[in-house]
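**Student:** Pasting a structure here, questions to come.
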């Protein structure tokens, strides 16, 4: 008989979930407050839920499951961030968590789904019918010393998010997301979902997050999410019509500088293997590779 139980996550699980994530994925950044809110107030249109595995009332595993509403691909779902405490692996915990997630996705009518796996977890993914698709590369940057504040061209203003109307940022993200490398296009996010996921995220650092404005138009931006002295560069992008001007590096370096001035000491980010321009920018900024995960796809009968 299994010595663990699977149940739906509740907001009070946030401290244990964050501690478990820090052990398995030390390069990911999401604090207790934002994790609690994510569990308590998920976007209704995603039909998001999460499950935890418990042993002796201790959280030893986690997975979330939801419909991906950022893509126009029909019936696409996610079984996200499935992980188990190293001391409790090879006991069926991961399989039980995955079964719970798949059960939720079947009820939603999902027909195709994605999960993410560390390189050493690819055999587990393959045993459960997943096919590895793309590599996601994770990098870290020590912000001691802080990168210098870059000098913007004469026709460009660097503005913190705190000074911006969120509708402008939503329009800028919508204009840049469709050609992001990935398994499916990110081309259908609503303003309400974006506001919940990004603008109202408790980890969003609006003083450090930076946008570039040219001729009254937001043309590039870099999103910073923070937990204590650690930060996550959530998304950096430039409008297609303004690429090739160095604006992505400009806003990201400005955001890193501002985050460091606010007490951040370590920065993390991730990039799809095909995002060569952003990988090159990160390398020039001094990021070093720390890990890799693989997106893995399967059909859901």
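The values are calculated or read from the model by the stated rules, or taken from the named source; none is laboratory data. These figures come from a predicted structure and were not determined experimentally. Positions of Cβ are backbone-derived with ideal geometry, glycine not excepted, and every protein chain shown enters the neighbour counts.
**Student:** Scan the range 22-45 for residues that are in a helix (DSSP H, G or I), in contact with a strand residue (DSSP E or B) (Cβ under 7 Å, 6 or more places away or on another chain) and more than 17 Å from residue 100 (Cβ to Cβ) and jot them down.
**Tutor:** If we filter the range 22-45 for residues that are in a helix (DSSP H, G or I), which is where we start, we get 22-24, 32-40, 44-45.
Cutting the leftovers down to in contact with a strand residue (DSSP E or B) (Cβ under 7 Å, 6 or more places away or on another chain) gives us 24, 39.
24, the sole residue that qualifies.
**Student:** Somewhere in the range 162-177, is a residue assigned to a loop (DSSP other than H, G, I, E, B), assigned by TED's automatic domain parsing to the domain that holds residue 282 and touching a helix residue (DSSP H, G or I) at 6+ places or on another chain (Cβ under 9 Å)? Walk me through how you get there before you give the answer.
**Tutor:** From the range 162-177, those assigned to a loop (DSSP other than H, G, I, E, B) are 164-165; that's our starting set.
If we keep only those that are assigned by TED's automatic domain parsing to the domain that holds residue 282 as well, we get 164-165.
Adding the requirement that they be touching a helix residue (DSSP H, G or I) at 6+ places or on another chain (Cβ under 9 Å) leaves none.
Within the range 162-177 (the criterion being assigned to a loop (DSSP other than H, G, I, E, B), assigned by TED's automatic domain parsing to the domain that holds residue 282 and touching a helix residue (DSSP H, G or I) at 6+ places or on another chain (Cβ under 9 Å)), the answer is no, since none of the residues qualifies.
**Student:** Quick check on the range 211-227. Is at least one of its residues within 20 Å of residue 30 (Cα to Cα), in contact with a strand residue (DSSP E or B) (Cβ under 7 Å, 6 or more places away or on another chain), assigned to a loop (DSSP other than H, G, I, E, B) and assigned by TED's automatic domain parsing to the domain that holds residue 158? Lay out the reasoning, then the answer.
**Tutor:** First pass over the range 211-227, keeping only residues within 20 Å of residue 30 (Cα to Cα): 222-227.
Those left that are additionally in contact with a strand residue (DSSP E or B) (Cβ under 7 Å, 6 or more places away or on another chain): 222-225.
Okay, now just the ones that are also assigned to a loop (DSSP other than H, G, I, E, B), so none.
Taking every residue of the range 211-227 in turn, none turns out to be within 20 Å of residue 30 (Cα to Cα), in contact with a strand residue (DSSP E or B) (Cβ under 7 Å, 6 or more places away or on another chain), assigned to a loop (DSSP other than H, G, I, E, B) and assigned by TED's automatic domain parsing to the domain that holds residue 158.
**Student:** Quick check, is residue 230 in contact (Cβ under 8 Å) with a residue 60 or more places away in the chain, closer than 22 Å to residue 279 by Cβ and not assigned by TED's automatic domain parsing to the domain that holds residue 32?
**Tutor:** On the way: in contact (Cβ under 8 Å) with a residue 60 or more places away in the chain: yes; closer than 22 Å to residue 279 by Cβ: yes; not assigned by TED's automatic domain parsing to the domain that holds residue 32: yes.
Spelling it out, residue 230 is indeed in contact (Cβ under 8 Å) with a residue 60 or more places away in the chain, closer than 22 Å to residue 279 by Cβ and not assigned by TED's automatic domain parsing to the domain that holds residue 32.
**Student:** In the range 229-242, which residues are touching a helix residue (DSSP H, G or I) at 6+ places or on another chain (Cβ under 8 Å) and in a loop (DSSP other than H, G, I, E, B)? Give the steps one after another, and end with the answer.
**Tutor:** To start, the set of residues in the range 229-242 that are touching a helix residue (DSSP H, G or I) at 6+ places or on another chain (Cβ under 8 Å) comprises 231, 233-240.
Scanning the range 229-242 gives a single hit, 239.
**Student:** In this structure, does residue 254 turn out to be closer than 24 Å to residue 285 by Cα, in contact with a strand residue (DSSP E or B) (Cβ under 6 Å, 6 or more places away or on another chain) and either buried (at least 22 other Cβ atoms within 10 Å of the Cβ) or modelled with pLDDT of 95 or more (or both)?
**Tutor:** Working: closer than 24 Å to residue 285 by Cα: yes; in contact with a strand residue (DSSP E or B) (Cβ under 6 Å, 6 or more places away or on another chain): yes; either buried (at least 22 other Cβ atoms within 10 Å of the Cβ) or modelled with pLDDT of 95 or more (or both): yes.
So residue 254 passes the test.
**Student:** Another question about this same structure. Would you check if there is a residue in the range 56-71 being at pLDDT below 95, part of a helix (DSSP H, G or I) and within 25 Å of residue 200 (Cα to Cα)?
**Tutor:** no
**Student:** Conditions first: (1) part of a loop (DSSP other than H, G, I, E, B); (2) more than 18 Å from the chain's Cα centre (by Cα); (3) crowded, with 22+ Cβ neighbours inside 10 Å. Residue 208 passes all but one, so which condition is the exception?
**Tutor:** (2)
**Student:** Turning to a different aspect of this structure: Is it the case that some residue within the range 211-222 is under 15 Å from the mean Cα position of the chain (by Cα) and at pLDDT 95 or above?
**Tutor:** Within the range 211-222, the subset under 15 Å from the mean Cα position of the chain (by Cα) is 222.
Next, only the ones that are at pLDDT 95 or above stay: 222.
Within the range 211-222, one or more residues are under 15 Å from the mean Cα position of the chain (by Cα) and at pLDDT 95 or above.
**Student:** Assess whether residue 48 counts as being assigned by TED's automatic domain parsing to the domain that holds residue 15, without any contact (Cβ under 8 Å) to a residue 24 or more places away in the chain and touching a strand residue (DSSP E or B) at 6+ places or on another chain (Cβ under 6 Å).
**Tutor:** Here the answer is yes, as residue 48 does meet what is asked.
**Student:** Also, quick follow-up: Give just the number: which of (1) surrounded by fewer than 18 Cβ atoms within 10 Å (Cβ to Cβ); (2) over 26 Å from residue 202 (Cα atoms) does residue 32 not satisfy?
**Tutor:** Of the numbered conditions (1) surrounded by fewer than 18 Cβ atoms within 10 Å (Cβ to Cβ); (2) over 26 Å from residue 202 (Cα atoms), the odd one out for residue 32 is (2).
**Student:** Can I ask one more? I'd like the full set of residues that are in contact with a strand residue (DSSP E or B) (Cβ under 9 Å, 6 or more places away or on another chain), more than 30 Å from residue 110 (Cα to Cα) and touching a residue at least 24 places away in the same chain (Cβ under 8 Å), limited to the range 278-301. Let's see the steps before the verdict.
**Tutor:** The first filter runs over the range 278-301 and keeps only residues in contact with a strand residue (DSSP E or B) (Cβ under 9 Å, 6 or more places away or on another chain), leaving 278-279, 281-283, 285-300.
Among the residues that remain, those that are also more than 30 Å from residue 110 (Cα to Cα) are: 278-279, 281-283, 285-290.
Matches in the range 278-301: 278, 279, 281, 282, 285, 286, 287, 288, 289, 290.
**Student:** Looking at 132, 123, can you tell me which residue is at pLDDT 95 or above and either in the same structural domain as residue 195 (by TED's automatic domain parsing) or more than 22 Å from residue 184 (Cα to Cα) (or both)? I'd like the intermediate steps shown before the answer.
**Tutor:** Working: 132 fails: either in the same structural domain as residue 195 (by TED's automatic domain parsing) or more than 22 Å from residue 184 (Cα to Cα) (or both).
So the residue among 132, 123 that is at pLDDT 95 or above and either in the same structural domain as residue 195 (by TED's automatic domain parsing) or more than 22 Å from residue 184 (Cα to Cα) (or both) is 123.
**Student:** Further question: Determine whether the range 143-153 contains at least one residue that is more than 28 Å from residue 182 (Cα to Cα) and under 21 Å from the mean Cα position of the chain (by Cα).
**Tutor:** So the first thing to find is which residues in the range 143-153 are more than 28 Å from residue 182 (Cα to Cα), and the list is 143-153.
Add one more test, that the residue is under 21 Å from the mean Cα position of the chain (by Cα), and what stays is 143.
Within the range 143-153, one or more residues are more than 28 Å from residue 182 (Cα to Cα) and under 21 Å from the mean Cα position of the chain (by Cα).
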